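Quick note: the coordinates plus some simple rules give every number you see, no bench work behind them. Computed from a predicted structure; not experimentally measured.
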Amino acid sequence: MYLKSPKLPLLATAIWLACLHLSSAWAQPEINPEVSTPEKSVELIYQSSFQNYQRYSASTLQSWMQTNDTVKDIGGWRAYAKEITQGKDTKPTTPAHSHGGHR
């Protein structure tokens, strides 16, 4: 399309900007002059994070051979997995799986 007048693009731009301005004005939220009443105050209770703190206590050191034998006697890693799922006080009476006398 061939435009004969240079004023036509300026006029179209002005109309487009005016429409854009009006549409943004209509999109504004409505102002509510209502005053909200304050609710009752909430009583806060302080509880320290350190209230039930238990100090770290290192377990007794043993030789690695004795530790490995203990783990083998109680059933290996499966026994530790059962402790996690059932509770820490339960221990199996027999090993879950034995590999013979590995050393």
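Bridging of Lys82 to aspartates and glutamates at a Cα separation below 20 Å is possible for Asp69, Asp73, once same-chain residues fewer than 8 apart are set aside. Annotation: extensible slack from Leu20 through Arg78 equals 13.9 nm (criterion: 0.36 nm per residue apart, minus Cα-Cα distance).
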